[in-house]
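Structure first, commentary second.
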Amino acid sequence: MPLRFAVLTSLLALAGAADASPMRVTVEGTRVQIGDLLRDATPEAAGIDLGPAPAVGGTRLIARDEIVEALRAHQSTATARLPESVRVTRAARTLHPDELDRMVRAALPRERLPRGATLRDVRPPQSVTVPAGWTAVSVELARPPRRAGPFSATAYLDLRRGDELIARVPVRVDLTLSAEAATPDLARGATVTLVVRHGLVEVRASGSATADADVGETLPVMLRPSGRIIRARLIEPAVAVALEEP
């Protein structure tokens, strides 16, 4: 018997014996898979994708026909009777202000703060509901201006599941900027070593910074003695990598 005909026959038999009772399932991931709906699915069938999970607070109805079609497309079968439909919801968690405060402080250690900045206070929003199931937490904070004194900014608390960002929560933070924060890593007019890379070849030349810059930023560098201006990215306080051919 041809494989496709055997698979189709098996699917039709399953569909005919489907359980007419509705079914409810809660998922944590950003995608819905056969294994979320059929707990005893074979390893081959369990990983079959059925599309995106609903947003927090919403639901998604998956009809039996969608499950059958997905199985048929992958030439797979299920070992259990198929429900008429499945109502899928997204697992969620409510983060209260005190928990948000702790999460930001834990994810923003002193070495992650901009140079010369001290964290004075965290001002989280009211309780916020986010998707559950994150595996890593980080905080993104923009570089503050080069000046001393108090400064308020928005930090973004990122919740990730594996490599995927599942939630981003804005949280206000208050910083104190010292005189060190007002000093750039490389001042305008300072000498900088320009690194030019071409394949495996690396050449270094002397230049001058034509603007203030911090490590990680792009700045124009004037080559000596030609005076040509090259865009470069500062990778160390006195070393920049050319972003264009000199």
Somewhere in segment 87-105, is a residue in a strand (DSSP E or B), farther than 19 Å from GLY57 by Cβ and of a type outside the set (S, T, N, Q)? no
Which ones in segment 113-168 are among the acidic types (Asp, Glu) and either over 23 Å from the mean Cα position of the chain (by Cα) or in the same structural domain as THR26 (by TED's automatic domain parsing) (or both)? ASP121
Can you tell which of ALA238, ALA187, ALA182 is closer than 30 Å to VAL137 by Cα, among the small types (Gly, Ala, Ser) and surrounded by fewer than 16 Cβ atoms within 10 Å (Cβ to Cβ)? ALA182
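If you check LEU38 against the conditions, is it out of contact with any Asp or Glu (no Cβ under 6 Å at 6 or more places or on another chain), of a type in the set (A, V, I, L, M) and modelled with pLDDT under 80?
It is false that LEU38 is out of contact with any Asp or Glu (no Cβ under 6 Å at 6 or more places or on another chain), of a type in the set (A, V, I, L, M) and modelled with pLDDT under 80.
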When segment 116-156 is examined, which residues are found to be in contact with a helix residue (DSSP H, G or I) (Cβ under 6 Å, 6 or more places away or on another chain) and either part of a loop (DSSP other than H, G, I, E, B) or over 30 Å from PRO54 (Cα atoms) (or both)? GLY116, ALA117, VAL122, PRO124, ARG146, ARG147, ALA148
Can you tell me which residues in segment 43-72 are more than 21 Å from PRO131 (Cα to Cα), hydrophobic (A, V, I, L, M, F, W, C) and either without any contact (Cβ under 8 Å) to a residue 24 or more places away in the chain or in a loop (DSSP other than H, G, I, E, B) (or both)? ALA46, ILE48, ALA63
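Here is a check on your reading of the model: is LEU159 assigned to a strand (DSSP E or B), in contact with a helix residue (DSSP H, G or I) (Cβ under 8 Å, 6 or more places away or on another chain) and either surrounded by 14 or more Cβ atoms within 10 Å (Cβ to Cβ) or of a type in the set (A, V, I, L, M, F, W, C) (or both)?
On the way: assigned to a strand (DSSP E or B): yes; in contact with a helix residue (DSSP H, G or I) (Cβ under 8 Å, 6 or more places away or on another chain): no; either surrounded by 14 or more Cβ atoms within 10 Å (Cβ to Cβ) or of a type in the set (A, V, I, L, M, F, W, C) (or both): yes.
No, not satisfied.
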Go through (1) in a helix (DSSP H, G or I); (2) surrounded by fewer than 13 Cβ atoms within 10 Å (Cβ to Cβ) one by one and return the number of the condition ASP40 breaks. (1)
Six or more apart or on different chains, Cβ atoms under 9 Å: show the pairs whose first residue is in segment 125-143 and over 30 Å from ALA182 (Cα atoms) and whose second is exposed (fewer than 12 other Cβ atoms within 10 Å of the Cβ) and β-branched (Val, Ile, Thr). SER127/THR94; VAL128/THR94; THR129/THR94; VAL130/THR94
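The values are calculated or read from the model by the stated rules, or taken from the named source; none is laboratory data. Fair warning: this is a prediction, and the values are worked out from it, not measured in the lab. Cβ coordinates were reconstructed from backbone atoms using ideal geometry, including for glycine residues, and neighbour counts include every protein chain displayed.
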